[in-house]
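What follows is calculated from the coordinates using simple rules that are stated; it is not laboratory data. Fair warning: this is a prediction, and the values are worked out from it, not measured in the lab. All Cβ positions, even for glycine, are placed from backbone atoms using ideal geometry, and neighbour counts span all protein chains on display.
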Amino acid sequence: QELALVRLVGAARDPERLAGTVHAPPVLFAFEYALAQLCQSGGVEPDALIGHSLGEYVAAAIAGVFTLEAALEAVAERGRAMQACPVGSMLAVAADGDDLEALLAATPGLELAAINAPQATTVAGPEDATSQPQAFLRDRPPPTKRPSGSPALPPPTSDSSHEPPVCNRCRPRS
C-alpha cells in the first residue's frame, strides 16, 4: 500500500486524519528527514546522530545505515503494524520513586513508559488504566496531564501477540 505524502501533508488541515499511527509516522519522518537535509545543505554536517522513536529511523537514514526508501518502507510498515495493536493512552505524571511505584502497583494495566526527568514521568496502558490515576490524582499532588494529540505509537502492552513484524528489507547496507 502506497502512501502519498503530499496528500497527507496537505491533510494537516484535518488533524483527525493525521492522528492515526498509519499516517502520522511517514509524515513525521519526512519532515524530520527534510529538516536534516536542509541543515546539511547549509553546511551543517553531524559528527554523530541519535534519535528517539521515528528519529532513530531518520538518524539511521541520514547516517547511511539504510537507504531512504528502506527507511520509509520500515516507517510505513511500523505504522501499519502499530495500528493493529490494542488502543491505549498515556498520562504524564509528576512523580518518581516511591510515589510512582505505589501508583503503578495500585493500578492494574498501568506501565511505566518513560522517565523524562525527576518528577516527570509518563505512564501508559489501556484507556481504563490511565484514566484511574488521572481521576484519583486530579485534586492533589502529584499532578497529571494527558498529552495532547495522539502518540505516534500506542503505549506498550504486556500482550506479546501484538508485536510488530520485522521488515525484511530494512537490513544494514553492505
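Compute the signed sum of charges (Lys and Arg +1, Asp and Glu -1) over the other residues within less than 11 Å, Cβ to Cβ, of Pro25.
0
Using 0.36 nm per residue of separation minus the Cα-Cα distance, give me the extension gain between Gln83 and Ala117 in nm, one decimal. Display every interim value, and only then the final one.
Working: separation 34, 0.36 × 34 = 12.24 nm, distance 2.89 nm.
My answer for the length gained is 9.3 nm.
Restricting things to alpha carbons, tell me how big segment 14-137 is in terms of Rg and Dmax, in Å.
Calculated on Cα positions, Rg and Dmax stand at 18.0, 52 Å.
Can you give me the Cα centroid spacing of segment 99-123 and segment 29-91 in angstrom?
Distance between centres, Cα-based: 27 Å.
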